[in-house]
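Structure, as structure tokens:
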Amino acid sequence: MSEDMDAMRRVLMVEAARSSPVARPWRRDALALLVVHGAMVVAALAVALWVLDHPPTLRPAWGSASTVLLATATLAGLISAVSLGRLARQFRTTSFAVGALAVSAHLAVFWGPSAPLLHDADCALAELAIAAIPATITVLTLRRFAYRFPRAVSGGMAAALTGLLVLDLTCPANGLLHAVLFHALPAALVLVAAVAARARGVSYSHVP
Amino acid sequence: MSETCVGAAASDEALMAAFRDGRQAALSLLFDRYASRIQAAILRLTSDGALARDITQTTFLSLVRGRARYADGCRFRPWVYAIAMNALRDHMRRRKREVLVADGGALLEGESHVDRIRDLGLEARLRAALVQLPLEQRQAVVLHHVEGFAFAEIAEIAHCSRSAAKVRAHRGYRRLRELLEVGEEA
């Protein structure tokens, strides 16, 4: 027993001397994720505007509200994914509530009849492409501490809403069916994939 | 850098803050205070000595790697037990085997848990009964009855509400009583 303990102590001391903490204070993690998500939105908008010659879509005033709600839910989701204790719970509640409201507002913006066409799938591909990098980096960040399902959902939701935010600003199409099939459904896929990836991934540390 | 004393008289919280801020001597003291207690708690939960050793090592490695997430003002004892329970939960999730048997072996074909309990002495019967409980109830019973945590602290460790922790422990105690009564009657 004591030999086991001595061996364990030696391993720990070596690890403590060798490693700097892989989990940074949560504010730095939140800031890093925010930069990644923000950079992805800016890059996607730049590609839409200058490469694809796709000007931002002008929406009625309540259309802008959906953009603000999506950005707010993304931010709250990021904070709740990496923060601690009561703050995490508060931000989680906020992010889920605002996220649901934001998706509803996004669908409301596209309210109207439409016949989905094959080229509408571009929106789905855009959602998946934009959300892929933020989702991957979020999952890698979350592997630094203990797996918690609500935390994984918050992180996955933030990545999914990033793609939705870009589509909210640039998609010229109309029709509720289009928004459900080619915006909301791929976003849900991103969320499920991120949660599944985190659940299967090994945790480097089990700190809360 | 923390100016906190890292002597043997220092509180757990002061030691952890000092370790987080770069004073490695504090880790050794924390290890002395908690390693065997955590190993004993995991052993009670799993009845598997090798697993208890692994989880204890994983707990302290996690503490070392994730030390930057220790917040000032956070009580150390529930925090380190939360790490241990997270590590155990993660291990169980991976192994997908909730039912562990008292001696670590599998039940023989046709042998029920009650049969197994009947053949053992009181302490062993209690251990055998304990491992029949679902992990959450087992955790609540061991943390409350053996480790002496309050329900609010168990809630913190197990990531649930205080009332959920109470319910888990209550159900665990009730199930334990049933298992032991069945063993006595037989």
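Of a type in the set (Phe, Trp, Tyr) and either within 11 Å of chain A (Cβ to nearest Cβ) or open to solvent by 30 Å² or more (accessible area, probe 1.4 Å) (or both) - does that describe any residue in segment B:29-40?
First pass over segment B:29-40, keeping only residues of a type in the set (Phe, Trp, Tyr): B:31, B:34.
Pick out the ones that are also either within 11 Å of chain A (Cβ to nearest Cβ) or open to solvent by 30 Å² or more (accessible area, probe 1.4 Å) (or both) and you get B:31.
Yes, there is a match, as at least one residue in segment B:29-40 is of a type in the set (Phe, Trp, Tyr) and either within 11 Å of chain A (Cβ to nearest Cβ) or open to solvent by 30 Å² or more (accessible area, probe 1.4 Å) (or both).
Whenever a residue of segment B:42-55 is touching a residue at least 60 places away in the same chain (Cβ under 8 Å), its partners that are β-branched (Val, Ile, Thr) and buried (at least 20 other Cβ atoms within 10 Å of the Cβ), lying with C-beta atoms within less than 6 angstrom and at least six residues away or across chains, give the pairs B:Arg44/B:Val142; B:Leu45/B:Val142; B:Ser47/B:Val131.
With respect to being over 20 Å from B:Ala128 (Cα atoms), facing chain A (nearest Cβ under 7 Å) and either open to solvent by less than 30 Å² (accessible area, probe 1.4 Å) or among the polar types (S, T, N, Q) (or both), B:Phe19 falls outside the description.
Checked against (1) crowded, with 19+ Cβ neighbours inside 10 Å; (2) assigned to a helix (DSSP H, G or I); (3) touching a residue at least 40 places away in the same chain (Cβ under 8 Å), A:Ile137 passes all but condition (1).
Any residue at all in segment A:193-206 that's part of a helix (DSSP H, G or I), farther than 24 Å from A:Ala39 by Cβ and not charged (D, E, K, R)?
The first filter runs over segment A:193-206 and keeps only residues part of a helix (DSSP H, G or I), leaving A:193-200.
Still in the running and farther than 24 Å from A:Ala39 by Cβ: A:196, A:199-200.
Filter once more, keeping what is not charged (D, E, K, R): A:196, A:199.
Among the residues of segment A:193-206, at least one is part of a helix (DSSP H, G or I), farther than 24 Å from A:Ala39 by Cβ and not charged (D, E, K, R), which makes the answer yes.
What do you reckon, is A:Ala124 in a helix (DSSP H, G or I) and either of a type in the set (A, V, I, L, M) or open to solvent by less than 30 Å² (accessible area, probe 1.4 Å) (or both)? Criteria met by A:Ala124. Pull up segment A:57-84, narrow it to residues that are under 16 Å from A:Ala173 (Cβ atoms) and surrounded by 15 or more Cβ atoms within 10 Å (Cβ to Cβ), then point me to the one that is modelled with the highest pLDDT. Filtering first and then ranking leaves A:Ser66.
Looking for whichever is open to solvent by less than 30 Å² (accessible area, probe 1.4 Å), under 20 Å from A:Pro25 (Cα atoms) and either free of Cβ contacts under 8 Å to residues at least 40 places away in the same chain or of a type outside the set (S, T, N, Q) (or both) here; the options are A:Gly163, A:Gly201, A:Gly155. Which one fits? Let's see the steps before the verdict.
Numbers: A:Gly163 fails: under 20 Å from A:Pro25 (Cα atoms); A:Gly201 fails: under 20 Å from A:Pro25 (Cα atoms).
So the residue among A:Gly163, A:Gly201, A:Gly155 that is open to solvent by less than 30 Å² (accessible area, probe 1.4 Å), under 20 Å from A:Pro25 (Cα atoms) and either free of Cβ contacts under 8 Å to residues at least 40 places away in the same chain or of a type outside the set (S, T, N, Q) (or both) is A:Gly155.
The values are calculated or read from the model by the stated rules, or taken from the named source; none is laboratory data. The shown structure was predicted, so the numbers you read here are calculated from the model rather than taken from an experiment. Note that each Cβ is placed from the backbone with ideal geometry, even for glycine, and that neighbours are counted across all protein chains shown. Ligands, DNA and RNA are excluded from the accessible area calculation, which covers all protein heavy atoms including side chains. Shrake-Rupley method; radii C 1.70, N 1.55, O 1.52, S 1.80 Å.
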